[in-house]
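The values are calculated or read from the model by the stated rules, or taken from the named source; none is laboratory data. Everything quoted here is computed from the prediction, not taken from an experiment. Cβ placement follows ideal geometry from the backbone for every residue including glycine, while neighbour counts extend to all protein chains displayed. For accessibility, only protein heavy atoms count, side chains too; no ligands or nucleic acids. Shrake-Rupley method; radii C 1.70, N 1.55, O 1.52, S 1.80 Å.
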Amino acid sequence: HAKFSGRNKFSFFDVSMAQHALNKTEIVKHLRNSMGSDQFSIHYQPIVNLETGMIDKAESLLRWTHPELGYISPDEFIPIAEDIGLICELGDWVFRQSASQVKSWQEKFKENFQLSINISPKQFQNESCDLQEWTDFLSQKALSNKAVSLEITEGVMMNEGPMTEQRLGMLKLAGIEISLDDFGTGYSSLAYLKKLNVDYLKIDRTFIQNIHINHDDQAMCEAIVVMAHKLNIKVIAEGVENEAQLNFLKSVGCDYAQGYWFSKPVTSDDFELLLSENEAQLH
Ligand code: C2E
Ligand code: MG
Ligand code: MG
Ligand code: MG
């Protein structure tokens with residue numbers, strides 16, 4: 001094979017392939033063994049109301065630090081958890097954890113505080129994921145169904161079946177809010193936007209990255225905000241990293257923003273400090 005003719009090329013190719021394969025196998029093994037352990041935690045990233053400057057919401061982001069493998073990004077282990085059938089268990093844990101957390105922050109800070117939880121399309125499709133339990137859990141905690149919103153991607157609609165539709169309908173009916181995550185990066189965004197009846201649209205950070213300098217990105221973001229508002233949908237900008245981006249977003253009437261400019265995702269203790277400081281600004 002021509003591909004393997006050069007000696008250096010061969011070894012380079014071989015090593016990188018082997019490493020990749022080994023990592024995935026290792027992750028699979030460790031993921032199974034780590035389920036239910038304290039290697040998992042949730043970090044929270046503030047979502048700021050651009051009209052008031054207040055932290056009205058936050059996104060729950062799952063973290064996994066393994067004693068040997070170190071930190072593993074959810075972008076890496078979530079797809080594996082989906083493949084090997086662990087996503088229901090993991091997703092349930094994130095939901096319960098977040099619901100308990102939001103209860104405490106509502107009591108301590110503000111009653112309308114909301115946590116936004118990422119949901120994998122597999123959680124909708126897999127019969128053994130029991131989403132009905134979630135609404136039961138909220139009422140057990142005496143939480144309003146508005147205390148959480150669920151972030152879904154267009155992937156939810158890609159393999160759409162009766163299950164997805166029925167479950168989304170059930171959650172919407174219960175009053176749980178739905179955010180369409182990573183908006184603009186998938187296919188047929190506009191068709192899904194109409195069909196899903198979402199409450200929030202999160203503009204993907206690839207569109208925000210150059211928004212302070214790129215006229216095309218500016219035009220698109222402004223158009224997205226106008227369109228969303230006409231459909232009664234609120235807009236959240238993801239990945240805001242500087243003040244120039246923020247100022248542009250404010251100027252076009254974007255409702256909320258999230259990104260390193262405000263804060264990286266942080267532990268619940270650190271998030272509480274952010275909330276206290278933010279509240280103190282009011283007085
Ligand atoms: P996502 O839902 O789109 O989350 C936003 C990602 O952007 C997060 O990465 C966040 O840390 C990162 N981010 C936030 N602000 C900035 C910024 O200003 N600049 C840059 N460069 N990045 C920013 P993270 O935490 O690594 O999560 C990656 C993805 O993993 C998430 O993307 C989501 O799709 C998935 N994920 C995370 N937690 C969960 C979970 O509990 N369940 C499921 N199903 N998926 C999850
Ligand atoms: Mg998200
Ligand atoms: Mg996103
Ligand atoms: Mg994403």
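All Cα-Cα distances of the stretch 115-255, cut into 5 Å bins from zero to the largest, leave 2, 9, 19, 21, 17, 13, 9, 6, 2, 0 percent in each bin in turn. Modelled this way, with points 7 Å down the Cα-to-C-beta line, the labels at Asp269 and Glu165 are 4.9 nm from one another. Evaluate the Debye formula for the stretch 129-172 with equal point scatterers sitting on the alpha carbons, no solvent, and hand back log10 of I(q)/I(0) at q = 0.17, 0.26 Å⁻¹, in q order, two decimals. Log-scaled intensity ratios, in q order: -0.54, -1.02.
With a 1.4 Å probe and all protein chains in place, put Ser98, Ser37 in order of accessible area, largest first. Numbers along the way, then the final one.
Numbers: Ser98 0, Ser37 40 Å².
Descending accessible area places them as Ser37, Ser98.
Its alpha carbons give the chain an Rg and a Dmax of 20.5, 72 Å. For Val28 and Thr135, the difference between the fully extended length at 0.36 nm per residue and the C-alpha to C-alpha distance is 35.5 nm. Dividing the Cα radius of gyration of the stretch 202-255 by its Kirkwood radius returns 0.92 for Rg/Rh. Our Cα-only numbers for the stretch 177-233 put the radius of gyration and Dmax at 11.3, 33 Å. Compute the distance from the alpha-carbon center of the stretch 38-69 to that of the stretch 214-283, in whole Å. Centre-to-centre distance over Cα atoms comes out at 15 Å. The string of couplings for the stretch 34-45 from the Karplus curve (6.51, -1.76, 1.60, θ = phi - 60°) is 8, 4, x, 8, 7, 6, 9, 8, 10, 9, 10, 10 Hz, one whole number per residue in order, with x for Gly and Pro.
Relative contact order of the chain: what whole-number percent is it, with Cα pairs under 8 angstrom and at least 6 residues apart? Relative contact order of the chain: 18 percent. In a fully extended conformation the segment linking Asn197 and Ala244 would gain 13.8 nm over its present Cα-Cα distance, using 0.36 nm per residue.
Per-residue Karplus couplings for the stretch 270-282, computed as 6.51 cos²θ - 1.76 cosθ + 1.60 with θ equal to phi - 60°, are listed in order as 5, 5, 4, 5, 4, 5, 5, 4, 5, 5, 4, 4, 5 Hz, Gly and Pro entered as x.
Unpaired Cys in the chain, meaning no second Cys C-beta under 4.7 Å: Cys221, Cys254.
Ordering Arg96, Arg63 from largest to smallest accessible area (1.4 angstrom probe), what's the sequence? Write down the numbers at each step before the final one.
Working: Arg96 90, Arg63 40 Å².
Most to least solvent-accessible, the answer reads Arg96, Arg63.
Counting only DSSP beta bridges whose two residues both lie in the chain, roughly 40 percent are antiparallel.
The Rg/Rh ratio of the stretch 110-189, with Rg taken over Cα atoms and Rh as the Kirkwood radius over Cα pairs, comes to 0.98.
Across all directions, the average projected area of the convex hull around the alpha carbons of the stretch 48-161 is 8.9 nm². In this simple spin-label approximation, Ala142 and Gln125 carry label points 7 Å from Cα along the Cα→Cβ vector, and these lie 4.1 nm apart. Computed over protein heavy atoms with a 1.4 angstrom probe, the accessible surface ordering of Phe95, Phe207, largest first, is Phe207, Phe95. Computed from the Cβ-Cβ distance with R0 of 25 Å, the FRET efficiency linking Ala223 to Tyr260 stands at 0.50. For the stretch 184-283, the spherically averaged projection of the C-alpha convex hull amounts to 7.5 nm². Taking 19 Å as the limit for the C-alpha separation, the pairs Lys29/Lys264; Lys122/Lys234; Lys57/Lys264; Lys202/Lys264; Lys108/Lys264; Lys146/Lys234 exceed it in the case of Lys29/Lys264; Lys122/Lys234; Lys108/Lys264. Protein heavy-atom accessible surface, 1.4 Å probe, per residue over the chain: 52 Å².
In this simple spin-label approximation, Asn232 and Lys108 carry label points 7 Å from Cα along the Cα→Cβ vector, and these lie 3.5 nm apart.
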